[in-house]
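First the structure, in the form of structure tokens, and then the observations on it.
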């Protein structure tokens, strides 16, 4: 696995159509799907710091994507 930062995650979430809906202790990003389902991803404010491996995979699960899709979006 590559090393990804919280800023990388913000960038990819924005590309996927997620919107920042709350920014207090953590940020909550949300995307409403066509079927009415809501995806929510909570991330830290830590910016340039690396995301721990387990946390990274949990955020991918919440966003409904896998690591290869994340990498593709990051390159765009």
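Observations, loosely collected:
- Test for residue 64: is it within 13 Å of the chain's Cα centre (by Cα) and surrounded by 12 or more Cβ atoms within 10 Å (Cβ to Cβ): yes
- Selection within segment 28-57 - without any contact (Cβ under 8 Å) to a residue 24 or more places away in the chain, within 20 Å of residue 3 (Cβ to Cβ) and either part of a strand (DSSP E or B) or out of contact with any strand residue (DSSP E or B) (no Cβ under 9 Å at 6 or more places or on another chain) (or both): 52, 54, 57
- Boolean, residue 53 is over 9 Å from the mean Cα position of the chain (by Cα), at pLDDT below 95 and surrounded by fewer than 11 Cβ atoms within 10 Å (Cβ to Cβ): no
- When residues in segment 12-27 are screened for being exposed (fewer than 14 other Cβ atoms within 10 Å of the Cβ), at pLDDT 95 or above and not in a strand (DSSP E or B), 3 of them pass.
- Selection status of residue 23, touching a residue at least 24 places away in the same chain (Cβ under 8 Å) and either within 16 Å of residue 7 (Cα to Cα) or out of contact with any strand residue (DSSP E or B) (no Cβ under 8 Å at 6 or more places or on another chain) (or both): no
- Residues within segment 1-20 that are farther than 15 Å from residue 67 by Cα and in contact with a strand residue (DSSP E or B) (Cβ under 9 Å, 6 or more places away or on another chain), tallied: 5
The values are calculated or read from the model by the stated rules, or taken from the named source; none is laboratory data. No experiment lies behind these values; they were computed from the predicted model shown. Note that each Cβ is placed from the backbone with ideal geometry, even for glycine, and that neighbours are counted across all protein chains shown.
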